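The block underneath contains the structure these notes are about, expressed in structure tokens.
Read-outs: derived from the displayed coordinates by stated rules, not from any lab. This is a predicted model, so every value here is computed, not measured. Note: ideal-geometry Cβ built from the backbone for every residue, glycine included; neighbour counts use all protein chains shown.
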Amino acid sequence: MIPSILPTYNRAPLTFVSGQGSWLIEADGRRFLDLGAGIAVNALGHAHPALVAALTAQAQQLWHTSNLYNIPAQQELADRLVAATFADTAFFTNSGTEACELAVKMARRHFHDAGQPQRTRIIAFEGSFHGRSAAGIAAAGSEKMTKGFGPLLPGFTHLPWGDHDALRAAVTDETAAILIEPIQGEGGIRPLPDVCLKGLRDLCDEHGILLILDEVQCGMGRTGRLFAHEWAGIDPDIMMVAKGIGGGFPLGAVLATEHAAAAMVAGTHGSTYGGNPLACAVGCAVMAQIADEGFLQDVRARAGLMRQQLEALVASHPDIFQQVRGSGLMLGLKCKVANTDVLNACYAELLCTVPAADNVLRLLPPLNISETEITEALTRLDKAASALSSC
Ligand SMILES: *Cc1c(COP(=O)(O)O)cnc(C)c1O
């Protein structure tokens, strides 16, 4: 008999009932150190006082009005994002995949209104992940995500990761945009080198096409800058944001330049919940913490410490681990044994991590994890690896 929850997930037999900073408390009272952060969502850890205060204050005022009216918290969040980034404008969604839907619509509408309606195709990359909506799975294109769900949304070209010649050849007079994650998350923490991101920007400029960055996982301070593309010194035309921006409350956004977004006039897009007062009140509190140079500097320092300790871990367990990957606090351990075995060994040490493709174990701690907690996490990883070696 089908379970009452549609069984699309293989869940760990764990039930967390509360959270505190970098810690999750199981129903039986055990305290797990959380290096998953709800898949890079709880950017400020669990039950951060500023976020709890923002949410409860808004909850006592007004929950929802729809976008038929002005929403002050939404205006404030948009202003904060525009001030802190390349963007001139923002649209709020409830998730990353909804941000993908709008990014695709915006790119196509841009060329429609620019008198180049044949430019509808979007170049995307193997191993990418853009969510589970129709546009999201068509953009990613993998068999695993698309099998049995056809006919798929047309207009996507899929290229191997890192094949420059294939990329140049794929740009035609039907191309509207290139869509890419600066660091592939689900794909196994695969960072795009800065020079490649610069090269993509140049290629887009050369052909007058749009660069869409999916920073749903790597954005919001995860790499030690507010957004990952800042490391490469380039700006996208359109960017998808979600996960960390709500700190655990469902919230996403599409940020764009005026040039890219100008065709999205009244009536071209909408969302009942998107940019709702509760989500935006929390989003403003998250931005107030993360879009702060001092905070980001601390993230970079913690990331340096964690990286150093992970390199030592890999060196002392060459039978279990192959390599450390990633940037900032978006880190991955490429495993030599099944990553799910390492995941389970970590659970046994009361440590939460997240598996990814390419046999990688992801480490995505809250951005405000303490140095003591990082060292504790490494002790637990070391014990998990030793337990696996001795099996
Ligand atoms: C998680 C993720 C998405 C999808 O976000 P949802 O909120 O699950 O819809 C899209 N792109 C990337 C890079 C992601 O990591």
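Annotations for the structure displayed:
- For the chain, with +1 on Lys and Arg beta carbons and -1 on Asp and Glu, the positive-most of A356, L313, F16 along the dipole: F16
- Extension reserve of the V52-E26 stretch, reckoned as 0.36 nm per residue once the Cα distance is removed: 7.3 nm
- Take every pair of alpha-carbon atoms less than 8 Å apart whose residues are at least six positions apart; their mean separation over the length of the chain yields a relative contact order of 23 percent.
- Other residues whose C-beta falls under 10 angstrom from the C-beta of L329 contribute a net charge of +4, scoring Lys and Arg +1 and Asp and Glu -1.
- Database remark: amide H of F125 closer than 5 angstrom to the amide H of L159 (H placed geometrically; neighbours at sequence offset of 5 or more, or on other chains; Pro and chain starts carry no H).
- Protection proxy ranking of 214-222, 129-137, 60-68, 295-303, by the mean of other Cβ atoms within 10 Å over each peptide's residues and highest first, is 214-222, 129-137, 295-303, 60-68.
- Extension reserve of the D235-L350 stretch, reckoned as 0.36 nm per residue once the Cα distance is removed: 37.4 nm
- Mean Cβ neighbour count within 10 Å, used as a protection proxy, ranking 358-369, 280-291 highest first: 358-369, 280-291
- Evaluated with a Cβ-only charge set (Lys, Arg +1; Asp, Glu -1), the range 58-195 carries a dipole of roughly 300 debye about its Cα centre, given to the nearest 20.
- Cα-based equivalent ellipsoid, the chain: semi-axes from gyration tensor eigenvalues, Å: 33, 26, 20
- Degrees separating the helix 277-290 axis from the principal Cα axis of the chain, which is the longest one: 70 degrees
- Rounded to the nearest 20, the Cβ-based charge dipole of the chain about its Cα centre (Lys and Arg +1, Asp and Glu -1) stands at 720 debye.
- Among P72, L192, L381 - extreme Cα towards positive end, dipole of the chain, charges at beta-carbon: L381
- Per-peptide packing, taken as the mean over residues of other Cβ atoms within 10 Å, places 240-249, 31-40, 93-102, 336-345 in the sequence 240-249, 93-102, 31-40, 336-345 from highest down.
- Counting 0.36 nm for each residue step from V265 to D202 and taking away their Cα separation leaves a gain of 19.8 nm.
- Selected from L210, V342, A103, residue furthest toward positive end of dipole (the chain; charges at beta carbon): V342
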